[in-house]
1. Using +1 at the Cβ of each Lys and Arg and -1 at the Cβ of each Asp and Glu in region B:165-237, identify which of B:Cys193, B:Ala218, B:Gly235 lies farthest towards the dipole's positive end.
2. Quick one: compute a quarter of the convex hull surface over the Cα atoms of region B:4-153 and quote it in nm².
3. What list of ³J(HN,Hα) couplings, whole Hz, do you get for region B:54-61 from phi and the Karplus terms 6.51, -1.76, 1.60, once you set θ to phi - 60° and write x for glycine and proline?
4. Students often check this: by mean Cβ neighbours within 10 Å, which of B:117-129, B:187-199 ranks highest, and how do the rest follow?
5. How large is the translational diffusion coefficient of region A:44-422 in µm² per second when you combine the Kirkwood radius over alpha carbon pairs with Stokes-Einstein at 25 °C and 0.890 mPa s?
6. Within straight cross-link reach of A:Lys372, meaning Cα distance under 16 Å, which lysines are found once same-chain residues fewer than 8 apart are removed?
7. Can you list residues whose amide H is under 5 Å from B:Ala43's amide H, if they're 5+ apart or on another chain and H is modeled 1.01 Å from N?
8. Among residues other than A:Gly84 whose Cβ falls under 12 Å from its Cβ, what is the net charge (Lys/Arg +1, Asp/Glu -1)?
Amino acid sequence: MTKKVNISVNHVTRLEGHGNIRLSASDGKVEHVEWQVPEAPRFFEAMVRGRSFEDIQTIVSRICGICSVTHSLASIKGIEDAMGIEVSEQTDKLRILCHYGEYIESHSLHVGYLVAPDLLGQNSVIPLIESHPDVVKTVIRLHRLGNTWMEIIGGRMTHPITLKPGGFTAIPSEQQLRELRKSIEEAVPDLKTLIKVVLSLADKLPAFDRDTEYIALKHPDYYTFYHGDIASTDTDETVPIQRFESVVNEHVVPQSTAKWCKWHRDSYAVGALSRFNINADMLLPMAAATAKEFGLEKGACNPYLNNVAQVIECAQVAEHSLQLIDELLTTGLKPEPVKVKPRAGEGVGCVEAPRGILFHRYAFDEKGLCTKANICIPTGQNHANIQKDFEALAPQIIDRDQNEIRLLLEMLVRSYDPCISCSTHYLNVEFV
Amino acid sequence: MSKLKVAFFDFACCEGCQLQVYNLEEEIIDLLELVEPVEWREAMTDTSDDYDAAIIEGSITRIEDERRLKSIREKAKVLIALGSCATTGGVNNLKNNFEMQDVKECVYGKDAKMPHLNTYPTKGVSEVVKVDYMVPGCPINIKEFSYIVRSLALGKEPKIPDYAVCVECKMKENVCRFEYDEICLGPITRAGCDAKCPSSGMWCFGCRGFVDKPNINAAKDVMAEYGKTIDDLRGKMLLFGSKQEF
């Protein structure tokens, strides 16, 4: 008798946005395995046309509820690039600090609420409240820290208010920064607990290596999430962000409705593991020690380890934030009213979202009204790589129980921390 | 007392309002004494057709969404619209300023005709089915959400503010945004957000929708005082409230 395996998951749970999994196999041979994206398209690039540069951040922040700070920063960097606006060192540091709040919030949410249930054999975090109350409370405290942090600098937990082209509409007080510093310091034991928990569960992460290309921002001096050029594990040369279209190479494939991306190979990965693989030698001491505890080194190519890289990055941003706050307090904060005079131009903003590199390109007319936009999101760049992982993983696990196969495929998708409602488009826009 | 069974469903949106539920932090644990989530894709694997309250996030932009929403409405005893995208169409309304063909071609080029990219002008949830309660805002105010869900679980009737953001803004002692030569929707927008934007140096862009009966004459007076017209106000409304009339 033929042994059939048919897996059809509609709307994979515990991830942001809608994705489906299809797998069919017979007699241990995978016939078809597919990662699909049925998200309702939202057409942001079309919607921003005709809107003032002043409104762009407010609109595009709404692309994503989880990485709204990242989208805000990418858009204002793009606008500043288009209009030749320079920002102060204070603005630069406060933005990076705000961005780090999002990392703590997003990574702790992903690892603690979305991934941990898989590692502990549960369907959601809710049963963990009873079975692992200390772990859940640790995650809650870290998550709240990230949120309070974004609120202090961005004015609100989700969809920041203060981040605008040229600078800030309002800045925190020095007292607020001192309090933030104290709560980050106090959160270090919680971070260590989270690290210990993930470490104790790390053997539950499937052993599955697949060599691929990793792409992330790179800066010569530090582990970057905000400044720098585009780097790849396949080449030593970096590409300026203004030429991102030559990296992402969006293209149509017959088996997927979403466009795929490729650079040197037929797919590439973005996200925490990519950043680690490119920048690991610049980690600060606590993060470097964490990486060592996990035995994670440059060249890691098990996609499930993205979750470990996220934990390492929590340590990295916490440590760097303490430095940034000290620098800001040493120079002293001063209000810097922003008045931007619009001008015609085109520019690119690029920032690392928790889930990978994000590109925004805008063109404006002389009144500062947007004439064109092109947004390339990290999850869009990962789709092809998820598919390639599926194709490599499925034959290795096809003799296992159907529920286990399904779980491993779902966990693989989750490990990328996809953010599908970011869905904007998957096409190149021709800029003239 | 049996717990209120709630199910979350998301349509076209950023899912940031569902995310706010996580932002209740420890309070989630208390809330779970009163409510039982039976479907919540962003958080749990389980699904269910048996729920008391359906919480709908996002706008309706496709015919298949409309069918799905109607089927949810049939199963739910009460239906709650969560966040601006659901209550008014939210930022997705910006799409309605253009022809749908143009919108699709702008983003998808030659692939615009592919059937899965079909879209129609954005609708709020109440344009498709009856909405019993709404939690407005982009994002929602999580305290308001918690209050509404608790009230329903305890059999009480929740009430949300029906006065303007200006009231909350004044209580925060903010300098009026009109003083900065900005156009602020505070005079006609429903309060309940703690005037977060004007308190952070931004004008109100009306994400919570308007109060039930906006006092347009008063708004006109404010506008006139600062040398602006009601049309300036209408221009600002395009961002979140283009559907609402006054």
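What follows draws every value from the coordinates through simple rules; no lab data is involved. Quick caveat, the model's predicted, so the values are computed rather than measured. Please note: Cβ atoms are built from the backbone with ideal geometry, for glycine as well, and neighbour counts cover all protein chains shown.
1. It is B:Cys193, whose Cα lies furthest towards the positive end.
2. With every direction weighted equally, the projected area is 8.9 nm².
3. Coupling constants for region B:54-61: 9, 10, 10, 10, x, 9, 9, 10 Hz.
4. The densest-packed peptide leads the list: B:187-199, B:117-129.
5. This corresponds to a translational diffusion coefficient of 116 µm²/s.
6. Within the straight-line cut-off, A:Lys372 pairs with A:Lys77, B:Lys95, B:Lys104.
7. So B:Ala43 has HN proximity to A:Arg14.
8. -2
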